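Engineer: Just dropping this structure here.
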Number of protein chains: 2
Amino acid sequence: MVNGFHVAVVGATGAVGEQMLKTLQDRDFPISKLTLLSSKRSAGKIVVFKGEEFTVQEATPESFEGVQIALFSAGGSVSKELAPEAVKRGAIVVDNTSAFRMDENTPLVVPEVNEKALFDYNGIIANPNCSTIQMVVALEPVRQAYGLKKIIVSTYQAVSGAGAAAVDELMNQTKAIIDGKEFTPEILPVSADEKKYQIAFNAIPQIDKFQDNGFTFEEMKMINETKKIMGMEDLSVAATCVRLPIATGHSESVFIEVEKEGVTSNDIKTLLASAPGVTLQDNPSEQEYPMPAHSVGKNDVFVGRIRKDLTDDKGFHMWVVSDNLLKGAAWNSVQIAESLVKLGIVK
Amino acid sequence: MVNGFHVAVVGATGAVGEQMLKTLQDRDFPISKLTLLSSKRSAGKIVVFKGEEFTVQEATPESFEGVQIALFSAGGSVSKELAPEAVKRGAIVVDNTSAFRMDENTPLVVPEVNEKALFDYNGIIANPNCSTIQMVVALEPVRQAYGLKKIIVSTYQAVSGAGAAAVDELMNQTKAIIDGKEFTPEILPVSADEKKYQIAFNAIPQIDKFQDNGFTFEEMKMINETKKIMGMEDLSVAATCVRLPIATGHSESVFIEVEKEGVTSNDIKTLLASAPGVTLQDNPSEQEYPMPAHSVGKNDVFVGRIRKDLTDDKGFHMWVVSDNLLKGAAWNSVQIAESLVKLGIVK
């Protein structure tokens, strides 16, 4: 690095890409050259970064010549095709799709949890699923202090996790219902699936496609990614993932069982009050607890409603909220890039 | 009964009262005389029942002279004051508030689960909390067939559970956000608590007041009422209750552990397909699962997403949805009244 790095953002015009650029700018990430890439459809759009106008170009293998750090968030098929091309040309890829997350040669990294796994990179580093990231940030300090046997999570997920078009769908449907007009669901729950359902004033218990075991792919991502990030193949994890009429901010109702006996909810509150990347918001008498509307635009994971189970000495309940576009995607990707610089992996 | 019973509805102008009248009408409940009562504030309003206009009267002890069945849904303080007065005058009270639910001399009844408890009545019969009712309807057949050790539930609750004014607040806030206007939250999460929060496009992890143990009163209702209705003092129950921007229809992500080994998710599906008051909606390959928007106006409890835990042979996950104003309140109350007639307790 002399004046910074040549950084490429793939999917620069998407909901996450936009937040990646904003985060790179807010963090003053050292950039000597910025290349903004997208699908053919969005190529030609103008994007402003630090006051300078950039024309978004169609991503091709040649786009990555000279790129040192490539942040991908343009869908799994784009990553599968172009991430290896970027690596071939010397770039380190931070990939925000599910394409390489479970690949055994690809580290899956949340810096607060397993930053050192970056040293094992083979060109590509995977950014976990949004719902997984905020949960492991909240639980890793507990795991380190008291051990972890079991996680059961129910999610309350915002539509922006399905992209900017899904946010438009929520807003348009909501307006139609208020105005007493007809509407036709077109995107949610899964754009590639046959049936579409109303999301406004509704709850849809399907995120991503169903797997043969009855869990959705989103639920299996949470289960498998959590085990991989924490390095605990035998951890018992279960998830129910639900899409809600919220634009941004994922919430999670999390039950855990720790290994150690006699832990109190105050022990866990004390631990999380000083945990990296966590803001503790837990004061019931003052009605203080995390909420998605208050998490928007913030990088931290907010944790509250921590309480011990009434019958299980090792059981605890908590409520975990984060901006799914930031810690769940853009901020975690940029944070990985910052770690790559800090650890001297990219130079 | 000659031509029917003298029925009083207390809280006739509220969100639940309105549904009680609609349900009495739809079910053609045998009514010889109908007395509609309310607080002083709502007295004088005109309500139409089966084409006939009724003037709502202020509820006083004397209002209950000659009343045989009194359906109460006007808040706990009204029930505490007037339910004993109604009983003194010979009425059987079906009370939809939390005033008498945990009283050991008051049966707490969900007809599909413990209809026979009605024989133990001492004038008052309590209707359980909305979130409790739909859960026990879904779980009782499982408990009877395979035993039940543990329940962990996370709720996705509609604002109509907090009354008609809360629905107005959701709609007005939503419109303000869409129109880019300012607004001030005034009712939710708890009208008697100091702080009010935005509900539109948000999730509030507080329903009812916090208790000293860190659980809310709504969560403790689910825990204690479930044990009482199922007659299982030692059942392990935990709840996290969350208010969402949905007008009507409560959803629940439920984890259970059964006693018996080797039960399959198909066993549970088969059981629930013919369970009383349950509609099974569970076909992932066709994207069939329950959703609140599809439950509105229906009396049944909808169950889907039934799947076995990936590590716990006795663990199962499911998704339970119902119209909180109907099975959660009005329909269960009227159903209790129907049971009282059927069992010859009122005659």
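Engineer: Of all the residues that make up the stretch B:163-177, how many are at pLDDT 95 or above and open to solvent by less than 50 Å² (accessible area, probe 1.4 Å)?
Structural biologist: 7
Engineer: Going through the stretch A:56-90 one residue at a time, which ones are open to solvent by 30 Å² or more (accessible area, probe 1.4 Å), farther than 17 Å from A:Ser333 by Cβ and either among the basic types (Lys, Arg) or not in a loop (DSSP other than H, G, I, E, B) (or both)?
Structural biologist: The answer is A:Gln57, A:Glu58, A:Pro61, A:Glu62, A:Ser77, A:Lys80, A:Glu81, A:Pro84, A:Glu85, A:Lys88, A:Arg89.
Engineer: Can you find, within the stretch B:139-162, the residue that is nearest to B:Met20 (Cα to Cα) among those that are open to solvent by 30 Å² or more (accessible area, probe 1.4 Å) and out of contact with any helix residue (DSSP H, G or I) (no Cβ under 7 Å at 6 or more places or on another chain)?
Structural biologist: Let us first name the residues in the stretch B:139-162 that are open to solvent by 30 Å² or more (accessible area, probe 1.4 Å), namely B:143-146, B:149, B:161-162.
The next check asks that each one be out of contact with any helix residue (DSSP H, G or I) (no Cβ under 7 Å at 6 or more places or on another chain); those that pass are B:144, B:146, B:149, B:162.
Working: B:Gln144: 30, B:Tyr146: 35, B:Lys149: 35, B:Ala162: 16 Å.
Looking at the filtered set, the residue picked out is B:Ala162.
Engineer: Okay, next question. Exactly one of these conditions fails for A:Gly328: (1) closer than 22 Å to A:Ala239 by Cα; (2) assigned to a helix (DSSP H, G or I); (3) within 13 Å of another protein chain (Cβ to nearest Cβ). Give me its number.
Structural biologist: With (1) closer than 22 Å to A:Ala239 by Cα; (2) assigned to a helix (DSSP H, G or I); (3) within 13 Å of another protein chain (Cβ to nearest Cβ) applied to A:Gly328, the lone miss is (3).
Engineer: For the stretch A:308-347, name all the residues that are surrounded by 23 or more Cβ atoms within 10 Å (Cβ to Cβ) and basic (Lys, Arg).
Structural biologist: A:Lys327
Engineer: Still on this structure, please answer the following. Filter the stretch A:226-262 for residues that are farther than 27 Å from A:Tyr289 by Cα and free of Cβ contacts under 8 Å to residues at least 60 places away in the same chain; which is surrounded by the most Cβ atoms within 10 Å (Cβ to Cβ)?
Structural biologist: Checked the stretch A:226-262; the qualifying residue surrounded by the most Cβ atoms within 10 Å (Cβ to Cβ) is A:Lys227.
Engineer: Scan B:Lys40, B:Lys33, B:Lys116 and give me the residue that is of a type outside the set (Ser, Thr, Tyr), assigned to a strand (DSSP E or B) and in the same structural domain as B:Val9 (by TED's automatic domain parsing).
Structural biologist: Values: B:Lys40 fails: assigned to a strand (DSSP E or B); B:Lys116 fails: assigned to a strand (DSSP E or B).
Going through B:Lys40, B:Lys33, B:Lys116 in turn, the sole match is B:Lys33.
Engineer: Which condition breaks for B:Ala192 when tested against (1) more than 9 Å from chain A (Cβ to nearest Cβ); (2) of a type outside the set (D, E, K, R); (3) free of Cβ contacts under 8 Å to residues at least 24 places away in the same chain; (4) over 24 Å from B:Ala74 (Cβ atoms)?
Structural biologist: All conditions pass for B:Ala192, except number (4).
Engineer: Restricting attention to the stretch B:195-212, and to residues there that are at the interface with chain A (Cβ under 7 Å from one of its Cβ atoms), open to solvent by 20 Å² or more (accessible area, probe 1.4 Å) and not hydroxyl-bearing (Ser, Thr, Tyr), which single residue is farthest from B:Val153 (Cα to Cα)? Break it down stepwise before answering.
Structural biologist: Going residue by residue through the stretch B:195-212, those that are at the interface with chain A (Cβ under 7 Å from one of its Cβ atoms) are B:195, B:197-198, B:201-206, B:210.
Keeping just the survivors that are open to solvent by 20 Å² or more (accessible area, probe 1.4 Å) gives B:195, B:197-198, B:201, B:210.
Next, from what is left, pick out any that are not hydroxyl-bearing (Ser, Thr, Tyr): B:195, B:198, B:201, B:210.
On the way: B:Lys195: 26, B:Gln198: 24, B:Phe201: 22, B:Phe210: 18 Å.
Residue satisfying both the conditions and the ranking: B:Lys195.
Engineer: On to the next question. Yes or no: the stretch A:259-274 includes at least one residue that is within 14 Å of another protein chain (Cβ to nearest Cβ) and assigned to a strand (DSSP E or B).
Structural biologist: Scanning the stretch A:259-274 turns up no residue that is within 14 Å of another protein chain (Cβ to nearest Cβ) and assigned to a strand (DSSP E or B).
Engineer: On the given criteria, is A:Val136 buried (at least 20 other Cβ atoms within 10 Å of the Cβ) and of a type in the set (A, V, I, L, M, F, W, C)? Lay out the reasoning, then the answer.
Structural biologist: Values: buried (at least 20 other Cβ atoms within 10 Å of the Cβ): yes; of a type in the set (A, V, I, L, M, F, W, C): yes.
Yes; evaluated as a whole, the condition is true for this residue.
Engineer: If you don't mind, there's one more thing I want to ask. Identify the single condition in (1) part of a loop (DSSP other than H, G, I, E, B); (2) without any contact (Cβ under 8 Å) to a residue 24 or more places away in the chain that B:Ile223 does not satisfy, given that it satisfies every other one.
Structural biologist: (1)
Engineer: Going through the stretch A:238-258 one residue at a time, which ones are aliphatic (A, V, I, L, M) and more than 10 Å from every other protein chain (Cβ to nearest Cβ)? If you could, list the steps in order and put the result at the bottom.
Structural biologist: As a first pass, look at the stretch A:238-258 and keep what is aliphatic (A, V, I, L, M): A:238-239, A:242, A:244, A:246-247, A:254, A:256, A:258.
Hits for the stretch A:238-258 are A:Ile256, A:Val258.
Engineer: Then there's this: For the stretch A:287-307, give me the residue count where each residue is within 8 Å of chain B (Cβ to nearest Cβ) and either assigned to a strand (DSSP E or B) or surrounded by fewer than 18 Cβ atoms within 10 Å (Cβ to Cβ) (or both). So that I can check it myself, show each step before the final result.
Structural biologist: Within the stretch A:287-307, the subset within 8 Å of chain B (Cβ to nearest Cβ) is A:287, A:289-293, A:304-307.
Of the ones still in play, those that are also either assigned to a strand (DSSP E or B) or surrounded by fewer than 18 Cβ atoms within 10 Å (Cβ to Cβ) (or both) are A:287, A:304-307.
Of the residues in that region, 5 qualify.
Engineer: Tell me which residues, restricted to the stretch A:263-304, are of a type in the set (Val, Ile, Thr) and free of Cβ contacts under 8 Å to residues at least 12 places away in the same chain. Walk me through how you get there before you give the answer.
Structural biologist: Let us first name the residues in the stretch A:263-304 that are of a type in the set (Val, Ile, Thr), namely A:263-264, A:268, A:270, A:278-279, A:296, A:301, A:303.
Of everything in the stretch A:263-304, just one residue is of a type in the set (Val, Ile, Thr) and free of Cβ contacts under 8 Å to residues at least 12 places away in the same chain, namely A:Thr270.
Engineer: Is it the case that some residue within the stretch A:278-286 is among the aliphatic types (A, V, I, L, M) and more than 11 Å from chain B (Cβ to nearest Cβ)? Please lay out each step first, then the result.
Structural biologist: In the first step, residues of the stretch A:278-286 are kept if they are among the aliphatic types (A, V, I, L, M); the result is A:278, A:280.
From the residues that got through so far, the ones that are more than 11 Å from chain B (Cβ to nearest Cβ) too are A:278, A:280.
Yes - at least one qualifying residue is present in the stretch A:278-286.
Engineer: Given the conditions (1) part of a helix (DSSP H, G or I); (2) at pLDDT below 95, report the number of the one that B:Asn122 does not fulfil.
Structural biologist: If we test B:Asn122 against (1) part of a helix (DSSP H, G or I); (2) at pLDDT below 95, just (1) comes out false.
The values are calculated or read from the model by the stated rules, or taken from the named source; none is laboratory data. This is a predicted model, so every value here is computed, not measured. Every residue, glycine among them, receives a Cβ derived from its backbone with ideal geometry; neighbour counts consider all protein chains shown. Keep in mind that these areas ignore ligands, DNA and RNA; they rest on the heavy atoms of the full protein, side chains included. Shrake-Rupley method; radii C 1.70, N 1.55, O 1.52, S 1.80 Å.
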